[in-house]
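All of the numbers you see were taken from the coordinates with simple rules; none came from a lab. No experiment lies behind these values; they were computed from the predicted model shown. We place every Cβ from the backbone using ideal geometry, glycine too, and count neighbours over all the protein chains shown.
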Amino acid sequence: MIIRVLAAASIFANGAASHEMTPTYFDFKPSYVDGVYVTTMSMWNRRNDVEYYEISVFDDEWNNLPFASRDRVFRLSYLSREKIDIYIKQEDIKDVEYICTSSKQLKSDVKSTGVKSTICSRIER
């Protein structure tokens, strides 16, 4: 019985591949520009069917907040890792609650039902 439960659990665990983003709880540090703060997130793509991701920054009510990064939508190959710097104006830091990345699929890449994955990290307060 225990072997069946472990076998079923391993099957379902392997089917839920997504991307990963760290740190789970981030903080901002002053950047090289006065009045602008930065945090660095690291992403790892575990999905072989997705190569594009979008970054978003939200407040505690899930409203979009303005931010800057090298790219808002970026390409990340399967099993690749990338560091992403996210810049926020000092007056907006008090409103930041989440930084999220969502998978983006091209129409030509979707063979059947496309599964969108979203991963969020929360500010450390």
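A straight Cα-to-Cα reach below 19 Å connects K104 with the lysines K83, K116, residues fewer than 8 places away in its own chain not being considered. Taken over the C-alpha atoms, the range 39-108 has Rg and Dmax values of 13.0, 41 angstrom. Charge dipole (Cα centre; +1 on Lys/Arg Cβ, -1 on Asp/Glu Cβ; no other charges) of the range 29-125 amounts to roughly 520 debye.
Residues with beta-carbon under 10 Å from that of T101, excluding T101: net charge, scoring Lys, Arg +1 and Asp, Glu -1?
The answer is -1.
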